[in-house]
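Take a look at the structure below.
The values are calculated or read from the model by the stated rules, or taken from the named source; none is laboratory data. Note that the structure is a prediction, hence the values are computed from the model and not measured. Neighbour counts run over all protein chains shown; Cβ positions are idealised from the backbone, glycine included. Just so you know, the surface numbers come from the protein's heavy atoms only, side chains and all, with ligands and any DNA or RNA stripped out. Shrake-Rupley method; radii C 1.70, N 1.55, O 1.52, S 1.80 Å.
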Amino acid sequence: DHGLTLLRWALLLERLQRYQDATREYEKALEAGSPALFDRQRLVAQNNLGLMYKEQMNRHDKAEVVWKDAIADMEKARVNNFHFPYRNLGQMFEKNSRTYEAIPLFAKTATIKKDDGLRMYGDLLLPYVYQDEEDVLAWRERFKANVKRLAKQKLQIADPIGMDGVPQYYLSYHGRNDAKINARISRGFRKMAPSVSFVAPHT
């Protein structure tokens, strides 16, 4: 199969860190047409091509197009067990301060992966840049409401070390006293991830 051969060659070139060559082969594999690749193979090619555009070429515009194409293909084919385009596009939007667009992508990823840690991350997501003081206040209200809502849910985080990060870190840039909010988050996190409360017996 020509499309599958091109995909395998692209994967090998990527492993060899020949990123420009890998990008070209991913593009060729997709140009071969959807009948040349099964749904999941095509999604792998689209996802990896998006990563090449974003991480190796700094072409976020092209990465956005290919990941959105992948998401459209998944929804059309009713593929619901491949989360990578959602997550990668969400992470790119987050870094580019397109936070409102990132939130539903993280939520979709969390649903596919059954990942409560990522669900928490998306619910507590904060922008890096704000339009004005009113925008800051609106995001803070959303944040506080979600902290209260999450505290009432029975979430479980099996691998806290594998989480994307702690979005409440950006509260420190708001210039407010958020000790109470952070204490509430800490209590909730200990309930969701009991392993973080472990104390070594020799301490």
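Listed values, structure above:
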quantity	calculated
Residue pairs meeting the criteria (Cβ under 6 Å; at least 6 apart or on separate chains; first over 11 Å from GLY122 (Cβ atoms), in the stretch 92-104; second in a helix (DSSP H, G or I) and open to solvent by less than 10 Å² (accessible area, probe 1.4 Å))	PHE93/ALA102; GLU101/PHE93
Count of the stretch 109-140 residues which are under 21 Å from the mean Cα position of the chain (by Cα), β-branched (Val, Ile, Thr) and either crowded, with 21+ Cβ neighbours inside 10 Å or closer than 11 Å to HIS174 by Cα (or both)	2
Residue within the stretch 169-191 that is closer than 28 Å to GLU75 by Cβ, not in a helix (DSSP H, G or I) and not polar (S, T, N, Q) present	no
Complete set of residues in the stretch 1-23 that are charged (D, E, K, R) and surrounded by 17 or more Cβ atoms within 10 Å (Cβ to Cβ)	GLU14
Any chance TYR100 is among the hydroxyl-bearing types (Ser, Thr, Tyr) and over 20 Å from ARG184 (Cβ atoms)	yes
From the options PHE106, PHE189, residue that is open to solvent by less than 50 Å² (accessible area, probe 1.4 Å), touching a Lys or Arg at 6+ places or on another chain (Cβ under 9 Å) and not aliphatic (A, V, I, L, M)	PHE106
